[in-house]
1. Using 0.36 nm per residue of separation minus the Cα-Cα distance, give me the extension gain between residue 331 and residue 82 in nm, one decimal.
2. Taking R0 as 35 Å, what FRET efficiency do you get between residue 359 and residue 380 from their Cβ-Cβ distance, rounded to the nearest 0.05?
3. Separation between the residue 30 and residue 18 pseudo-spin-labels, each 7 Å from Cα along Cα→Cβ, expressed in nm?
4. Answer with one residue from 413, 364, 439: the one whose Cα lies farthest towards the positive end of the charge dipole of the stretch 255-442, charges on Cβ with Lys, Arg +1 and Asp, Glu -1.
5. State which entries of 160/265; 160/268; 75/160; 119/174; 160/451; 265/346 exceed 30 angstrom in Cα-Cα distance in the structure shown.
6. Net charge near residue 259: determine it from the other residues with C-beta under 10 Å of the C-beta of residue 259, scoring Lys and Arg +1 and Asp and Glu -1.
7. Quick one: if you stick a label point 7 Å off each Cα along the C-beta vector at residue 127 and residue 427, how many nm between them?
8. How do 330-342, 207-219, 272-284, 171-183 rank on mean C-beta neighbours within 10 Å, highest first?
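Just so you know, all these numbers are worked out from the coordinates, no wet-lab data involved. Because the structure is predicted, anything quoted here is derived from the model rather than measured. A quick note on method: Cβ atoms are made from the backbone with ideal geometry, for glycine too, and the neighbour counts reach across all protein chains shown.
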Amino acid sequence: MLEKRDFYINGQWVAPLNGTDHHVIDPSTEEPCAVISLGGVEDTNAAIAAAKSAQLSWMHTDPAERIALVETLIKVYEARADDLAEAMSTEMGAPIDMARSSQAGAGTWHLNGFVETAKNFQFNRPLGDHAPGDRIIYEPVGVAALITPWNWPMNQVTLKVGAAAIAGCTMVLKPSEESPLNAMIFAELMDEAGFPAGVFNMVNGDGVGVGSTLSGHRDVDMVSFTGSSRAGTLISKNAADTLKRVHLELGGKGANLIFDDADEKAVKRGVLHMMQNTGQSCNAPSRMLVQRGIYDRVVEEAATIADKVSVGPADENGRHIGPVVNEVQWTKIQGLIEQGIKEGAKLVAGGPGRPEAFNKGYYVRPTVFADVNNDMTIAREEIFGPVLTIIPFDTESEAVEIANDTPYGLTNYVQTQDAQRANRLATQLRSGMVEMNGTSRAAGSPFGGMKQSGNGREGGVWGIEDFLEVKAVSGWSAE
């Protein structure tokens, strides 16, 4: 079993000052795969002090120098992409092929995107032709606490670290204690890339310990958090006394609107998207809203597709889904499946318990409920597992009403061949993102939501701007 107790602070790997041991569990086997330390207040304070000490010199480096360091990071990242993929597969259950292509691949995608965006970003620019003596200067917020989740670890680490580094912020990263091993490799990559001491720091810990110390600390200028809406609320309250900036990327309960003129692959696309990463994605299309005229056919098709989704251990090659991350998550999902049955939803695929081939591991049966209404628990709560709910609708306006009737607002989906309808719906759906007819958002498109799905945006120019303050200057000399 791996022993990885040290933290990365001020350019060095250091032993915890007041750490406690924590076992990282392989969800495929339910056995420990590593032991780490959960840091305490002294460890967190040391990391914040290192970041604060490095902030002044780092913020005044030429942006071109910061961009060059991120470009170096991309090279060392690519060289160890397999190590990152294997770590994520083991600690959070992503099947190894998916871990290599999507989980690790997301990191290079985002870092390359930030580099391209930054090369065209003007950190010091004129206000406009009407005011030749006025300038707009973008400068870093300061010390940024980056708190990342277990479900898409490198996706979220690189979205935050890449943007913060280019913006000129120094950082303290607290990865999820459920999936910390990939972040520890990433800290090695930051060191190898040559980032100055104190610019990037990493302390393992839980939300109550390290997380709350970071969010409430007077020397932390910004918190960028990805996780549950409940935790986002607690972070916001804890950060309020110091009036620091808080960026939140939280949960979702996305609606996938399937009209009677949807393309023939729309249902399959929606089911498989829901099951991706074992349903552990905040932007999953978990509510399939289906027009009444095709409802029975879609229910049958969705059930057939879900029944064909295979489940297997994370270390096996192939196109299957793995376990969910831990026992707590497995138990929560089982409870919600039982609640769906109790409230009268029609179970058409999957159901409670593990798949037949497994008596160990946190495996969940790919599950589909039909005849759901939007008041049922499974339609209201974010399940965060491979569980799809299907809800009928009659009219376009009814579909919009159902889709928007949720506390969340991250991603919604539209399936129709009527271009005017699609565009109309894109403006009516209350979410930070709308994806239509299977078209993914392009590189540089911002990721983020509204309502209880959070605030701020990650990726592209918006991601960099989230780590920047805007300074207005008058009387600027052209000399």
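1. That works out to 86.5 nm of additional length.
2. With R0 = 35 Å, the Cβ-Cβ based efficiency is 0.65.
3. With each label placed 7 Å out from Cα toward Cβ, I get 3.5 nm.
4. Final value for the positive-end residue is 364.
5. Values: 160/265 34 Å; 160/268 32 Å; 75/160 18 Å; 119/174 28 Å; 160/451 21 Å; 265/346 24 Å.
Beyond 30 Å: 160/265; 160/268.
6. So the environment of residue 259 carries a net charge of -3.
7. It is 3.3 nm.
8. Highest mean packing first, the order is 171-183, 272-284, 207-219, 330-342.
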